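Let me begin by presenting the structure, written as structure tokens, before commenting on it.
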Amino acid sequence: MPARAARGADAAWRHGWWREARACPSPNFGPRPAGSEATLVVVHSISLPPGAYGGPDVERLFTNTLDCNAHPYYEALRGLQVSAHFFLRRDGELVQFVSCDERAWHAGRSQWRGRAECNDWSIGIELEGLEGQGFEPVQYRRLAALLRALARRYPIAEVAGHEHVAAGRKHDPGPGFDWARLARTLRRRRPRLAPLGAAPGETAGRS
Ligand SMILES: [Zn+2]
């Protein structure tokens, strides 16, 4: 069966929403430019306040309902309109904010392999975490499952970190994220995805 037909028939997806994620729609999205398909996944890390896990404030940030008086760190977030397609919590819960058919606002000024404006042609996944800290085993497992589901539905060719597509400006998910572990997890199952952010030894020159 042609890959395209297989993608169109995928019952796991409905208008770009994955059935295994909890939908929490964000107003922060727009159409992808004509002819731009999602071929890249950008992995991020976030926690609000930084280093505090399990609270509601990431969802609030992505839905423009964060109380910016609630924490000194939030002053810098006032008026910000951002989103990601997915937020993967440390307990494995997965929240989806934007249809993968649409353009979410996660990468900012960015480029990857010479192509700019990664938001136009990528899917953004935020992992609940903090730059420099590690991630939970269940986050790797759920991320791998999500990446496989995305690769069945969209022509995803590669996965990179925000630190790779906005080198020098962004540093997430950071050195605590184990790209080799994700690659190993993905290699065991199809569809395969090209490794991932950076092959060993490739990161140093880029970040
Ligand atoms: Zn980021």
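The values are calculated or read from the model by the stated rules, or taken from the named source; none is laboratory data. Here the structure is a predicted model, which means the values were calculated and not measured. Cβ atoms come from the backbone with ideal geometry, glycine included; neighbour counts cover every protein chain shown.
Here is a yes/no grid of residues against (1) touching a strand residue (DSSP E or B) at 6+ places or on another chain (Cβ under 8 Å); (2) modelled with pLDDT under 95; (3) within 16 Å of the ligand (Cβ to nearest atom); (4) among the aromatic types (Phe, Trp, Tyr):
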position: Ala11; (1), (2), (3), (4): no, yes, no, no
position: Ala38; (1), (2), (3), (4): yes, no, no, no
position: Ala70; (1), (2), (3), (4): no, no, no, no
position: Glu93; (1), (2), (3), (4): yes, no, no, no
What number of residues in region 92-138 are part of a loop (DSSP other than H, G, I, E, B) and not hydroxyl-bearing (Ser, Thr, Tyr)? 22
Take the residues of region 157-178 that are in a loop (DSSP other than H, G, I, E, B) and under 13 Å from Leu143 (Cβ atoms): which is farthest from the ligand (Cβ to nearest atom)? Asp178
Pair list, Cβ under 8 Å, 6 or more apart: region 127-138 residue of a type in the set (Phe, Trp, Tyr), other residue buried (at least 20 other Cβ atoms within 10 Å of the Cβ) and at pLDDT 95 or above: Phe135/Ser45; Phe135/Leu127; Phe135/Gly129; Phe135/Pro173; Phe135/Phe177
Pro27, sole failed condition from (1) over 23 Å from Arg142 (Cα atoms); (2) under 14 Å from the mean Cα position of the chain (by Cα); (3) of a type outside the set (D, E, K, R): (2)
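In region 40-64, what residues are of a type in the set (Gly, Ala, Ser) and either within 16 Å of the ligand (Cβ to nearest atom) or at pLDDT below 95 (or both)? It would help to see each step written out before you state the result.
Quick first cut of region 40-64, residues of a type in the set (Gly, Ala, Ser) only: 45, 47, 51-52, 54-55.
The answer is Ser45, Ser47, Gly51.
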Which listed residue is surrounded by fewer than 18 Cβ atoms within 10 Å (Cβ to Cβ), more than 26 Å from Pro27 (Cβ to Cβ) and of a type in the set (A, V, I, L, M, F, W, C), from Ala157, Ala151, Ala144: Ala157
